[in-house]
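Colleague: I have a structure here, written as structure tokens, and I will follow up with some questions on it.
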Amino acid sequence: MRQHVRIPLPDGSSLDATVALPEGVAPAAGWPGAVVVHEIYGIEPDMLDVVDRFAEHGYAAILPDLYSHGTRIGCLARAMHQFTTGKPGRPTADIDATRQWLADRDDVDGSRLGVIGFCMGGGFALAYAASTPPGVRAASVNYGAVPRDQEELRTVCPVVGSYGGRDRGFRAHGTRLQEHMRALGLEHDVEIYAAAGHSFMTDGHHPLAKLALFPLRHGLVQPTADDAWQRTFAFFDKYVANG
């Protein structure tokens, strides 16, 4: 069951977030946890579905609304600045506050956490994981931006990633992520699906995106999405839940 929560922030404000927990009583050590980082569109039904999916798989999952820390326009501007420059900003700090809030729960094992992001959130998740946050054992990066300098990923945890071969905007980032992880000798499972475009893993309803972002070949591709999700959970189960 989803629950709306407010996460207190160091500047005295708070962040909206949605939490979903597995059914039943938490194990003595607590559930493993997952922080979900949304696409550029913000909190949409498909992102909420991701939180539910993790809860059904045995993870305590939380989805922060990165556009709720201040005005929406201001939040979007800060997110775009971090997205385009690759430099940590308020979105990264808000993701870390979310991780800390989740880790502090009595029913969550703060030493067994993962972070997953999509589109803009995929790049944020990767950059955040490379900052070695406490307890984060794996990151899932889905059609997200990857830095050109592989040294920025030297300290990243194991990474599972999924990209679309028809996504002209981000498929090169998938190749770059594969190359960086191989060169650094880090654990990874990064797949580029030839038949998929952008945002192929979730059932989003973004009609304007499908028109305006034609080069990305935007939209759900069910068979590919099923395989990507299977890989994602197999990876998280290995490195987070059973790590």
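Colleague: What length, rounded to one decimal in nm, is gained on full extension from His4 through to Leu48, with 0.36 nm per residue of separation minus their alpha-carbon distance?
Modeller: Separation in residues times 0.36 nm, less the Cα-Cα distance, equals 14.7 nm.
Colleague: In addition: Using packing as a proxy for protection, rank 32-38, 106-112 so that the peptide with the highest average count of other Cβ atoms within 10 Å comes first.
Modeller: In decreasing order of mean packing, 32-38, 106-112 become 32-38, 106-112.
Colleague: Give me the net charge for the shell around Leu153: Cβ to Cβ below 14 angstrom, other residues only, Lys and Arg +1, Asp and Glu -1.
Modeller: -1
Colleague: Ordered by residue, what ³J(HN,Hα) values in Hz, to whole numbers, does the range 229-243 give under the Karplus form 6.51 cos²θ - 1.76 cosθ + 1.60, where θ = phi - 60° and Gly and Pro are x?
Modeller: These are the phi-based 3J(HN,Hα) values: 5, 4, 5, 4, 6, 4, 5, 5, 4, 6, 9, 9, 5, 10, x Hz.
Colleague: Determine ³J(HN,Hα), in whole Hz, for all residues of the range 222-228 in sequence, where each value follows from phi through the Karplus function 6.51 cos²θ - 1.76 cosθ + 1.60 and θ = phi - 60°; x replaces Gly and Pro.
Modeller: Calculated HN-Hα couplings, in order: 4, x, 5, 4, 4, 5, 4 Hz.
Colleague: Would you give the gap between the C-alpha center of the range 150-169 and the C-alpha center of the range 12-75, rounded to a whole Å?
Modeller: Going from one Cα centre to the other spans 22 Å.
Colleague: Right, something else. Near the amide H of Gly161, under 5 Å away, which other amide H atoms are found, from residues 5 or more places off or on another chain, if H is placed in the peptide plane?
Modeller: Val141, Asp189, Val190, Glu191
Colleague: In square nanometres, what is one fourth of the surface area of the convex hull spanned by the alpha carbons of the chain?
Modeller: Convex hull of Cα atoms, orientation-averaged projection: 12.0 nm².
Colleague: Let me ask something additional. 222 nm [θ] for the chain, helices only, -39500 (n - 2.57) per DSSP H run of 4+, per residue, to 500?
Modeller: The per-residue figure over the chain is -11000 deg cm²/dmol.
No lab work stands behind these numbers, since they all come straight from the coordinates. The shown structure was predicted, so the numbers you read here are calculated from the model rather than taken from an experiment. Using ideal geometry, Cβ is built from the backbone for each residue, glycine included, and neighbour counts are taken over all protein chains shown.
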